[in-house]
Amino acid sequence: AGVHRQILFTTVGWFVGYYLIKRTEYVHAKLDRELSEYVRQHPEDFKVAEKRRIGELLEDFYPVR
């Protein structure tokens with residue numbers, strides 16, 4: 001197993017990894033673009049919720065003795 005093989009496999013692995021990363025970034029960007037376009041076209045499905053205080057979110061605390 002020569003050094004030249006290690007360099008070759010490292011180079012090939014780097015290029016394959018680079019391609020896969022770029023491909024996954026492209027797929028995620030495409031899905032994000034489609035989702036944001038859908039949200040923009042259907043605002044009635046994505047209403048902004050009213051802000052609530054933390055006391056309204058938490059249940060009352062009753063210590064157990």
For helix 3-41, what angle does its Cα long axis make with the longest principal axis of the chain, in degrees from 0 to 90 and rounded to 10?
-> 30
For Phe15 and Asp60 in the same chain, what is the full-extension length gain: residue separation times 0.36 nm, less their Cα-Cα distance, in nm?
-> 10.5 nm
Per DSSP, loop GluC sites (Glu not before Pro) in the chain with at most 12 further Cβ within 10 Å = Glu50, Glu59
Cleavage-rule hits (chymotrypsin sites (Phe, Trp or Tyr not before Pro)) in the chain: DSSP loop, at most 16 neighbouring Cβ within 10 angstrom = Phe46, Phe61
Heavy-atom accessible surface of the chain: percent carbon and sulfur, 1.4 Å | 61
On average, how much accessible surface per residue is there in the chain, in Å², for a 1.4 Å probe, leaving out ligands, DNA and RNA?
-> 108
Taking the structure as given and computing percent of Cα pairs over 20 Å apart, which label from (i) 68; (ii) 15; (iii) 24 fits?
-> (i)
Based on DSSP H runs of at least 4 residues, each adding -39500 (n - 2.57), what is the mean residue ellipticity at 222 nm of the chain after dividing by all its residues, to the nearest 500 deg cm²/dmol?
-> -23000 deg cm²/dmol
Under the Karplus relation with 6.51, -1.76 and 1.60 and θ = phi - 60°, whole-Hz ³J(HN,Hα) for region 49-65, x at Gly and Pro, equal 6, 6, 6, 10, 7, 5, x, 6, 7, 8, 7, 5, 9, 10, x, 9, 10
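The values are calculated or read from the model by the stated rules, or taken from the named source; none is laboratory data. It should be emphasised that the depicted structure is a prediction, and the values quoted were computed from it without experimental measurement. Please note: Cβ atoms are built from the backbone with ideal geometry, for glycine as well, and neighbour counts cover all protein chains shown. The area values use the complete protein model at the heavy-atom level, side chains included, leaving out ligands, DNA and RNA. Shrake-Rupley method; radii C 1.70, N 1.55, O 1.52, S 1.80 Å.
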